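Written below as structure tokens is the structure these notes are about.
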Amino acid sequence: MDDNIGNSYPTESAALSGESLLGFADLAPDQLLDAVESVGLQCSGTFLALNSYENRVYRIDLSDHQSAAAGLPGLIDGGIKPLRIVAKFYRPNRWSDAQILEEQHFSLELAEAELPVIAPLANQSGETLFRFGEHCFSLYPCAGGRAPELDNPDQLEQIGRLIGRIHAIGATQPFNHRLSLSPQYLGDDARSVVLKSALLPDYLKQSYAAVTSSLLEQVGEVFAQGNQLNSIRLHGDLHPGNLLWSDSGPHLVDFDDAISGPAIQDLWMFLSGDRDYMNARLGDLLVGYEQFMEFDSRQLALIEALRTLRMIHHVSWIAQRWSDPAFPIAFPAVSTTGFWEMHINTLQEQTEQLQMPPLIWD
């Protein structure tokens, strides 16, 4: 769950405020277990912190022979076996309650349509968002799986079918509270965060400012040309780490970055490699996708622009969260000059990719 390594999109109000850095200092083991038990569950005391930086996510074992789970139906298998659940504690001040609930309702809507998504568990009153002290949290089934094989045409076609089904439902109504995909906060705001950060060496600030200014000008032109594209409800952060593969096929986790935007946002992160390879993999995805949702090929022009925004935003996300003790431990290279020299070189290379013609899909 919540494998948000470099993929977090801040709210417009919190993007530069720093409020979300206040975080999780008071979320000790006793507090997180007390929080889960506050909804009527009984924990065994065994838990494991899962791979997450933006939020805090834990796998938690429930006690044996628990006959009910505070009205969380289906949690206990026959009422006699211990069960593992996942508790997700949201980063304070990042999303509003309305934004979280809208994301959760979207995943529940998909689950009710029998799509393989990991949706939050509700109590008997239908609540999915709970509070304990200063923290809000949700509970999820514990689901496992392996990474998809991105060079496997059959698996990519299955992934395309799943995304097509999600988008067919996502297109039926809009988000009212979630963000819309924008070069402003993913690009311009992110660039401002980095330029103000003490992590960026002074002697590289001019180079960083110049290359990102040029890139974002090109990105803006691409988005301006695609301003007539339909915007729908999306997963928003659909990279391979958020798609788990099991013997029955793929299932999706972590709708934390659900967003309004063009469909290609949920497709392009499965494409990498040289141009011919990406064209072939794109074809595999879209063969499955178009069984449920028509694809507007004009969106292909956005792929490298979206990749550029993600590259800029990833580094700004780390810089913005640097006061969180988890980040220097997880990303120690960011404090070195070598990291920033390599990052700027990578951005310079991306300038050439933005000038390439779009991928082709027949």
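The values are calculated or read from the model by the stated rules, or taken from the named source; none is laboratory data. All values reported here derive from a predicted model rather than from experimental measurement. For neighbour counting, all protein chains shown are included, and Cβ atoms are generated from backbone atoms with ideal geometry for every residue, glycine included.
Key figures
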| read-out | value |
| --- | --- |
| Counted residues, segment 31-60 - those being hydroxyl-bearing (Ser, Thr, Tyr), crowded, with 17+ Cβ neighbours inside 10 Å and under 14 Å from HIS135 (Cβ atoms) | 1 |
| Selection within segment 97-126 - of a type in the set (D, E, K, R) and exposed (fewer than 15 other Cβ atoms within 10 Å of the Cβ) | ASP97, GLU112, GLU114 |
| Residues located in segment 325-342, provided they are in contact with a Phe, Trp or Tyr (Cβ under 8 Å, 6 or more places away or on another chain) and under 21 Å from GLN206 (Cα atoms) | ALA333, VAL334, TRP340 |
| From the options GLY226, GLY273, GLY261, GLY236, residue that is touching a helix residue (DSSP H, G or I) at 6+ places or on another chain (Cβ under 8 Å) and modelled with pLDDT of 95 or more | GLY236 |
| Segment 179-197, subset in contact (Cβ under 8 Å) with a residue 24 or more places away in the chain and surrounded by fewer than 19 Cβ atoms within 10 Å (Cβ to Cβ), residue farthest from ILE312 (Cα to Cα) | SER180 |
| Odd one out for LEU139 among (1) part of a loop (DSSP other than H, G, I, E, B); (2) in contact (Cβ under 8 Å) with a residue 12 or more places away in the chain; (3) among the aliphatic types (A, V, I, L, M) | (1) |
| Given (1) surrounded by fewer than 17 Cβ atoms within 10 Å (Cβ to Cβ); (2) under 19 Å from the mean Cα position of the chain (by Cα); (3) outside the structural domain of TYR289 (by TED's automatic domain parsing), number of the condition PHE137 does not satisfy | (1) |
| Which listed residue is at pLDDT 95 or above and either crowded, with 17+ Cβ neighbours inside 10 Å or touching a strand residue (DSSP E or B) at 6+ places or on another chain (Cβ under 7 Å) (or both), from LEU244, LEU200, LEU204 | LEU200 |
| Residue check, SER335 modelled with pLDDT of 95 or more and out of contact with any Gly (no Cβ under 7 Å at 6 or more places or on another chain) | yes |
| Qualifying residue in segment 249-263 (condition: under 30 Å from THR336 (Cα atoms), small (Gly, Ala, Ser) and in the same structural domain as LEU309 (by TED's automatic domain parsing)) | no |
| Identity of the residue in segment 310-337, touching a residue at least 24 places away in the same chain (Cβ under 8 Å) and outside any helix (DSSP H, G or I), that ends up surrounded by the fewest Cβ atoms within 10 Å (Cβ to Cβ) | SER323 |
| Flag if GLU114 is in a loop (DSSP other than H, G, I, E, B), at pLDDT 95 or above and either in contact with a Cys (Cβ under 8 Å, 6 or more places away or on another chain) or assigned by TED's automatic domain parsing to the domain that holds LEU48 (or both) | yes |
| Residue pairs meeting the criteria (Cβ under 8 Å; at least 6 apart or on separate chains; first within 15 Å of ILE232 (Cα to Cα), in segment 293-304; second surrounded by fewer than 19 Cβ atoms within 10 Å (Cβ to Cβ) and at pLDDT below 95) | PHE295/TRP361; ASP296/LEU229; ASP296/ASN230; GLN299/GLY226; GLN299/LEU229 |
| Among the candidates ASP189, ASP154, residue that is over 19 Å from the mean Cα position of the chain (by Cα) and in a helix (DSSP H, G or I) | ASP154 |
| Candidate set from segment 255-309 (those that are of a type in the set (Asp, Glu) and assigned to a helix (DSSP H, G or I)); member that is nearest to the chain's Cα centre (by Cα) | ASP266 |
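For every residue, the table says whether it meets (1) among the hydrophobic types (A, V, I, L, M, F, W, C); (2) more than 26 Å from VAL57 (Cβ to Cβ).
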position: THR128; (1), (2): no, no
position: ARG131; (1), (2): no, no
position: CYS136; (1), (2): yes, no
position: GLY145; (1), (2): no, no
position: ASP154; (1), (2): no, yes
position: ILE159; (1), (2): yes, no
position: GLY170; (1), (2): no, no
position: PRO174; (1), (2): no, yes
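Residue-by-condition table, conditions (1) in the same structural domain as ILE60 (by TED's automatic domain parsing); (2) of a type in the set (A, V, I, L, M, F, W, C); (3) over 17 Å from the mean Cα position of the chain (by Cα):
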residue: ARG165; (1), (2), (3): no, no, yes
residue: GLY170; (1), (2), (3): no, no, no
residue: ASN176; (1), (2), (3): no, no, yes
residue: LEU181; (1), (2), (3): no, yes, no
